[in-house]
2 protein chains.
Amino acid sequence: MTATAAGAAGVPAPRIDHPGLAAKLMSADDAARLIPHGAHIGMSGFTGAGHPKEVPAALARRIAVAREAGDPFTVGLWTGASTAPELDGALAAVDGVDLRMPYQSDPITRAKINAGQMDYVDLHLSHVAQAVWEGFFGPVDVALVEVAGITADGDLIPSSSVGNNKTWLDLADRVILEVNSWQPPELDGMHDIYYGTALPPNRRPVQILQAGDRIGVPHYHCPPEKVVAVVATHEPDRTTTFAPVDETSTRIAEHLIDFLTHEVERGRLPRTLLPIQSGVGNVANAVLANLDAAGFGPLTAYTEVIQDSMLALLRSGTISTASATALSLSDAGLADFLDNLGEYRRRIVLRSQEISNHPEVIRRLGCLAMNGMIEADIYGNVNSTHVMGSAIQNGIGGSGDFARNSYLSMFLSPSTAKRGAISTIVPMVSHVDHTEHDVHVIVTEQGLADLRGLAPRRRAARVIERCAHPDYRDALQDYVDRAARHAPARHTPHLLDEALGWHGRYLRTSDMRA
Amino acid sequence: MTATAAGAAGVPAPRIDHPGLAAKLMSADDAARLIPHGAHIGMSGFTGAGHPKEVPAALARRIAVAREAGDPFTVGLWTGASTAPELDGALAAVDGVDLRMPYQSDPITRAKINAGQMDYVDLHLSHVAQAVWEGFFGPVDVALVEVAGITADGDLIPSSSVGNNKTWLDLADRVILEVNSWQPPELDGMHDIYYGTALPPNRRPVQILQAGDRIGVPHYHCPPEKVVAVVATHEPDRTTTFAPVDETSTRIAEHLIDFLTHEVERGRLPRTLLPIQSGVGNVANAVLANLDAAGFGPLTAYTEVIQDSMLALLRSGTISTASATALSLSDAGLADFLDNLGEYRRRIVLRSQEISNHPEVIRRLGCLAMNGMIEADIYGNVNSTHVMGSAIQNGIGGSGDFARNSYLSMFLSPSTAKRGAISTIVPMVSHVDHTEHDVHVIVTEQGLADLRGLAPRRRAARVIERCAHPDYRDALQDYVDRAARHAPARHTPHLLDEALGWHGRYLRTSDMRA
Ligand SMILES: CC(C)(COP(=O)(O)OP(=O)(O)OC[C@H]1O[C@@H](n2cnc3c(N)ncnc32)[C@H](O)[C@@H]1OP(=O)(O)O)[C@@H](O)C(=O)NCCC(=O)NCCS
Ligand SMILES: CC(C)(COP(=O)(O)OP(=O)(O)OC[C@H]1O[C@@H](n2cnc3c(N)ncnc32)[C@H](O)[C@@H]1OP(=O)(O)O)[C@@H](O)C(=O)NCCC(=O)NCCS
């Protein structure tokens, strides 16, 4: 029962079964015209999945025209997480974004933020929905959300990510929908949209007891009268390219799997482990790729995004169920996903990001958190967001939600960056995202440092011995030795005059090595 | 039905109604003899309340003797939080502590840690019980717990703090009880000991929906056969002396209450506010003292400790119910508490600290967190634990549990320390305990900076304008201006060569002023 009404722009419009909403079909340019200067826009989109494909670019064109006419035109751009060039890139390129939150990984956006031309607020992903409900960011003027279809009674079939869509739809004055017929209809039923959230004092426990539990409904609700435009699209998600699993990633994965095996042997973890959380990026992907042969299982995953290697684990049966808020696949991963969607739909649950990243649920399930990092220091503080203290890379994303609340909080990185010119193990990190209180394990290709139960100086010894690259080990040890002698105290001995000196040296000479 | 058996040491032993346990009465010195070198001891005690009063000192004597004989003797000392001179002080003075966790505020202990002579692990208070259950710290060899009495069936009546006692009693191989007849018998019934915790994958929601909800039982369970010694004591808790509420504290309190009033007016907080969490120390005490006249209410408190001014709020009816894990009273507060215990018992719930500080509950209730700090930086990072980067002050305590999960996360401090020689607002904090992602509001006597929704450079402007002391405002502004020009990027502009220079200057000249 799919409507085939032609929209205002003459585009075929499948999957809009609600006549009232079908009647609101229009072109992306017409829809963009409904967005005023200064609007706060809550957009769909999480790691390249499920973002609106056409209206953002149309809005960018509109902004460029206004700008040429000398009129101010910027918007607040709020999403689930990172999106794609046709959204973040297009709007950043025309300087159309006033304030961006809560996570981005777009090169143009990053450049604008670091040039001081765009405001960026970097929030824990589990805090976004509540902060907006609480009114900390002002009203949601417009929700611009991609969906996979509209049912006859006006409910919205979610697309390949959920992110904050429920919140944007609930709170927005005006809603613009992109109905993307490229999204496979079989997505319908994969989602679990929880309508039980509330502001305190009316909050109730989130009754998820296992990674795969469903506590909501498959569709978003949205009063049709709030919908001011429906745009039909047929465009693919941005796919992610993963580097081939290299030796460094494999070594990191091996250290990690040795450690987990050891924890199982010591009786500190069940053989089925605990729900896996695996961050974005190449190393995380490589770790999952190595899990298959490790003999654990059946496992579950309670994580943010489903990457390629998670699909492989689902297919092999190593992982029985995976919960996330978005897909983040390569072309090959996407092809596999589409080919086996019937099976994946039974095994994958996509949730709102306030639930996928909920501290309550993460602590209850006892996740095993594995996230990438920019750098760690000898005392176990981790920087996930800033390059040389001043420049944003992406953002904290959900790493803090998982690091703080998981059973084991593990951070992974090669021991050097920029062909060895940067040590990712430093005397003091140039920005702290995860404090010494939140980091259990640090892993590089050199080895794994288990920091649990260690006082700071013992952590330093272990991090240097196990994780630092040989090129930097002596210099780190020298820092520690001198700090032990000359620091004003010996709990966390630091020489403040040189604690950040490695970064300073890199900025001056492009090499941290003395 | 109170037993009056005389213990081995001839001390009258009231409130030991279980004959088998009464038979285990012995002197503190005899009990201390049951603790071997190398033992990990889980002790009761939280902010001076409910710690064992005699066995720790007896143990310290034993250690001193062993030490003189050339024998090694140290123990792992694990508690709820800070204790008292006769516990932390006595054991530290004889170098009897190998590893201390998770929080301390004792001068001798602090000195030993900062001299590099004692290992200290600083944990979120909500993480302690689970970390020990998970085996991260090794076995609990001995539980040494003060109780207010023992029932006929061997259950233990908790004393004036709960802390981690349930965990110590559950996990210890051997249990030593101090039955303190100084503790008022009317405490019985005030506690809520939750026996529903588990390790994942068996965790269930913690079903607290309101601050005063009871989900447990009033007593600890402990198999009598695990109890190796019972010691009868009659000694007061350590009381806390609060500074008289001075002008600085009053100004901080006024800024905070103005802000809350404003939030209520804007509809972002109900008139009954949300459950109050108030940290340790003088400023927190002053804020509560000012709440009474502010016209909010009836309020509740979901907090860690009950200080004097909380009692006043309970008495006046401004606060209807308060949940905590411990009392922390002055002599006057204690007298009032004892005089009105019948009433307070109905209005106060004392819980295990994993529940008083549980991220799940704190987020659900939406606490208003107000904690002291050592220093904050212009970008909103907070240091709660370290003086000049190297020296521990106390520890993070529960401040992270509350800051991360509360509805509003507020940090309070005078704008200077050491008679103006230290600015508590600095370019970069010398240690990070609460990251920019976890701090909503900073308050000094100068004013209040609401950082919600602000990108880093805007936070800097506001913190300098509102919170910095006039003596330091120009220098901060100068740093920000130069960083905006010369930093390698403008998201969080920092000049790494001088970011920690204020601390360096203080270490050299005892004054941060140039
Ligand atoms: C930290 C993070 C950027 C690492 O990502 P990654 O893909 O594993 O890392 P890469 O090694 O490809 O590094 C990314 C870039 O940072 C650079 N980099 C890495 N370490 C660096 C360091 N210590 N100093 C400076 N630059 C560094 C790399 O050179 C690379 O730069 P390039 O893009 O110019 O080549 C990424 O994990 C992240 O954004 N984390 C925060 C959010 C998060 O954890 N999300 C998951 C939560 S559920
Ligand atoms: C941060 C904390 C130490 C402040 O305590 P307080 O009683 O309000 O603070 P005070 O102003 O009395 O400061 C305590 C000491 O630190 C010193 N101090 C304060 N700020 C300082 C700074 N920026 N640099 C150096 N020293 C500083 C004070 O001079 C004082 O030193 P003294 O004892 O030698 O006189 C205290 O709140 C704490 O331990 N917090 C962490 C745990 C916590 O928040 N618990 C509650 C959670 S529920």
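Figure legend. Inter-residue proximity from region A:475-487: first residues within 10 Å of another protein chain (Cβ to nearest Cβ), second residues assigned to a helix (DSSP H, G or I), beta-carbon distance below 9 Å, spacing 6+ or different chains. Indicated pairs: A:A483/A:A460; A:A484/A:R457. Output yes when any residue across region B:88-101 is in contact (Cβ under 8 Å) with a residue 60 or more places away in the chain, part of a strand (DSSP E or B), buried (at least 24 other Cβ atoms within 10 Å of the Cβ) and assigned by the TED database to the domain that holds B:I215, and no when none is. The answer is no; no qualifying residue exists.
Listed by position, the strands (runs of 3 or more DSSP E) inside region A:365-468 whose residues that are in contact with a Lys or Arg (Cβ under 6 Å, 6 or more places away or on another chain) number at least 1 are A:447-450.
In region A:43-85, what residues are touching a residue at least 40 places away in the same chain (Cβ under 8 Å) and open to solvent by 20 Å² or more (accessible area, probe 1.4 Å)? Reasoning before the result, please.
Here is the first cut: in region A:43-85, the residues touching a residue at least 40 places away in the same chain (Cβ under 8 Å) are A:43-56, A:75-76, A:78-85.
Within region A:43-85, A:E54, A:P85 meet the criteria.
For region B:251-284, filtered to residues that are surrounded by fewer than 18 Cβ atoms within 10 Å (Cβ to Cβ) and either assigned to a loop (DSSP other than H, G, I, E, B) or not assigned by the TED database to the domain that holds B:L365 (or both), the residue that is nearest to ligand 1 (Cβ to nearest atom) is B:R268.
Here A:E304 meets each of (1) under 15 Å from the mean Cα position of the chain (by Cα); (2) among the charged types (D, E, K, R); (3) surrounded by fewer than 23 Cβ atoms within 10 Å (Cβ to Cβ) with one exception, condition (3).
Taking region A:380-393, which residues are open to solvent by 10 Å² or more (accessible area, probe 1.4 Å) and either of a type in the set (V, I, T) or more than 8 Å from ligand 1 (Cβ to nearest atom) (or both)? Steps first, please.
We begin by selecting, within region A:380-393, every residue open to solvent by 10 Å² or more (accessible area, probe 1.4 Å); these are A:381, A:384, A:387-388, A:391, A:393.
Matches in region A:380-393: A:N381, A:V387, A:A391.
A:R452 - would you say it is buried (at least 24 other Cβ atoms within 10 Å of the Cβ) and either at the interface with chain B (Cβ under 8 Å from one of its Cβ atoms) or under 28 Å from B:A376 (Cα atoms) (or both)? No; evaluated as a whole, the condition is false for this residue. The set of residues from region B:400-417 being within 11 Å of ligand 2 (Cβ to nearest atom), more than 10 Å from chain A (Cβ to nearest Cβ) and open to solvent by less than 10 Å² (accessible area, probe 1.4 Å) comprises B:F402, B:A403, B:F411, B:L412, B:S413, B:S415.
Please determine whether any residue of region B:220-227 is open to solvent by 30 Å² or more (accessible area, probe 1.4 Å), away from ligand 1 (no atom under 16 Å from the Cβ) and part of a loop (DSSP other than H, G, I, E, B). Yes, because at least one residue in region B:220-227 is open to solvent by 30 Å² or more (accessible area, probe 1.4 Å), away from ligand 1 (no atom under 16 Å from the Cβ) and part of a loop (DSSP other than H, G, I, E, B).
Please go through region B:150-163 and give me each residue that is open to solvent by less than 10 Å² (accessible area, probe 1.4 Å) and either at positive phi or among the hydrophobic types (A, V, I, L, M, F, W, C) (or both), ordered by number.
Filtering region B:150-163 for residues open to solvent by less than 10 Å² (accessible area, probe 1.4 Å) gives B:150, B:154, B:156, B:158-163.
Once the filter is applied, which keeps residues that are open to solvent by less than 10 Å² (accessible area, probe 1.4 Å) and either at positive phi or among the hydrophobic types (A, V, I, L, M, F, W, C) (or both), region B:150-163 yields B:I150, B:G154, B:L156, B:V162, B:G163.
Counting the residues of region A:469-484 that are surrounded by 13 or more Cβ atoms within 10 Å (Cβ to Cβ) and either modelled with pLDDT under 95 or under 18 Å from A:G420 (Cβ atoms) (or both) gives 6. Total residues in region A:102-122 satisfying the condition of being under 24 Å from A:Q353 (Cα atoms) and surrounded by fewer than 22 Cβ atoms within 10 Å (Cβ to Cβ): the figure is 3.
Only one of these is within 25 Å of the chain's Cα centre (by Cα) and open to solvent by less than 60 Å² (accessible area, probe 1.4 Å): B:P244, B:P200, B:P205. Name it. Step through it out loud before you land on a result.
On the way: B:P244 fails: open to solvent by less than 60 Å² (accessible area, probe 1.4 Å); B:P200 fails: within 25 Å of the chain's Cα centre (by Cα).
Checking each option against the conditions leaves just B:P205.
Filtering region B:495-514 to residues that are within 10 Å of chain A (Cβ to nearest Cβ), within 11 Å of ligand 2 (Cβ to nearest atom) and within 12 Å of B:P427 (Cα to Cα) leaves B:W502, B:H503.
Answer yes or no as to whether A:G333 is away from every other protein chain (no Cβ under 14 Å), in contact with a strand residue (DSSP E or B) (Cβ under 9 Å, 6 or more places away or on another chain) and either of a type outside the set (S, T, Y) or in contact (Cβ under 8 Å) with a residue 60 or more places away in the chain (or both). Taking the combined requirement at face value, the residue satisfies it. Within the bounds of region B:385-406, is there any residue that is within 27 Å of B:V245 (Cβ to Cβ), among the hydroxyl-bearing types (S, T, Y) and in contact with a Cys (Cβ under 6 Å, 6 or more places away or on another chain)? Looking through region B:385-406, at least one residue is within 27 Å of B:V245 (Cβ to Cβ), among the hydroxyl-bearing types (S, T, Y) and in contact with a Cys (Cβ under 6 Å, 6 or more places away or on another chain).
So B:A294 clears everything in (1) open to solvent by less than 10 Å² (accessible area, probe 1.4 Å); (2) under 25 Å from B:F411 (Cβ atoms) except one condition, right? Which one? B:A294 satisfies all of (1) open to solvent by less than 10 Å² (accessible area, probe 1.4 Å); (2) under 25 Å from B:F411 (Cβ atoms) except (1).
The values are calculated or read from the model by the stated rules, or taken from the named source; none is laboratory data. The shown structure was predicted, so the numbers you read here are calculated from the model rather than taken from an experiment. Using ideal geometry, Cβ is built from the backbone for each residue, glycine included, and neighbour counts are taken over all protein chains shown. Quick note on the areas: whole protein, heavy atoms, side chains included, nothing else; ligands and nucleic acids left out. Shrake-Rupley method; radii C 1.70, N 1.55, O 1.52, S 1.80 Å.
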